[in-house]
Amino acid sequence: FGLIPEFIGRLPVIVTLSPLTVDDLMRVLVEPKNAVTRQFQKFLQLDKVELVFTDGALAAAAEVAIDRKTGARALRSIVEESLLEVMYDIPERSDVRKCIITEEVIREGRAPLLLTKAEVDKGVDETNYVELLAERGETA
């Protein structure tokens, strides 16, 4: 348009951005090709363990990121905090087949639910793990 790029590059540009919502952050956790949740799922797949995040866990991670005022940058560290001990324990335990991350794991720092092959064969998964916790004498 008759203006040279060197001149245009020196003009200040002001852009306003709207903050990310919980839904936006949840999408960042699961939708991209290299999403944080997919990275950790692949990592645990190396030890033949399926990693599952409940919807409550994804929402909790997004809310914690908003509370910390760090946005999408904090999502990896939030998920990593909840999986830190598990990533060191699972290679030593050959009986674990599934790891379920719940809302309480993200918010309260509880240990993730580790399911053995026998429990997975009984049909325990992320939709009905509460009954298993009741049998163990734990709460969700």
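Among 17-29, 42-54, 126-138, what's the highest-first ranking by average C-beta atoms within 10 angstrom per residue?
42-54, 17-29, 126-138
With runs of 4+ DSSP H residues as the only contributors, calculate the mean residue ellipticity of the chain at 222 nm using -39,500 (n - 2.57) per run, divided by the residue total and rounded to the nearest 500.
Helix-only estimate at 222 nm: -14000 deg cm²/dmol.
When ligands, DNA and RNA are left out and all protein chains stay put, how many square angstrom of accessible area per residue does region 26-140 have with a 1.4 Å probe?
Result: 60 Å² per residue.
Could you check which residue among R97, R76, R68 shows the biggest mean-square fluctuation in a GNM of the chain with a 10 Å Cα cutoff?
Among R97, R76, R68, the largest GNM mean-square fluctuation belongs to R68.
Out of the total accessible area of the chain (probe 1.4 Å, heavy atoms of protein only), what percent is carbon and sulfur?
The computed percentage sits at 54.
List every residue whose amide H lies under 5 Å from the amide H of F53, counting only residues 5 or more places away in sequence or on a different chain, with H placed 1.01 Å from N in the peptide plane.
I101
Quick one: in region 94-140, what % of C-alpha pairs are over 13 Å apart?
Percent of Cα pairs beyond 13 Å in region 94-140: 55.
Please tell me the relative contact order of region 16-130 in percent, rounded to the nearest whole number, where contacts are Cα pairs under 8 Å and at least six residues apart.
It rounds to 26 percent for region 16-130.
Equivalent ellipsoid semi-axes for region 53-96, as square roots of 5 times the alpha carbon gyration tensor eigenvalues: give them largest first, rounded to whole Å.
25, 12, 6
Roughly how compact is the chain, stated as its Cα Rg over 2.2 N^0.38 Å to two decimals?
Dividing the Cα radius of gyration by 2.2 N^0.38 Å gives 1.40.
Gain in length, D89 to F7, computed as 0.36 nm per residue apart minus the alpha-carbon separation, to one decimal in nm?
23.7 nm
The values are calculated or read from the model by the stated rules, or taken from the named source; none is laboratory data. Quick caveat, the model's predicted, so the values are computed rather than measured. All Cβ positions, glycine included, derive from the backbone under ideal geometry; neighbour counts span all protein chains shown. Protein only, heavy atoms only, side chains kept; ligands, DNA and RNA dropped before computing areas. Shrake-Rupley method; radii C 1.70, N 1.55, O 1.52, S 1.80 Å.
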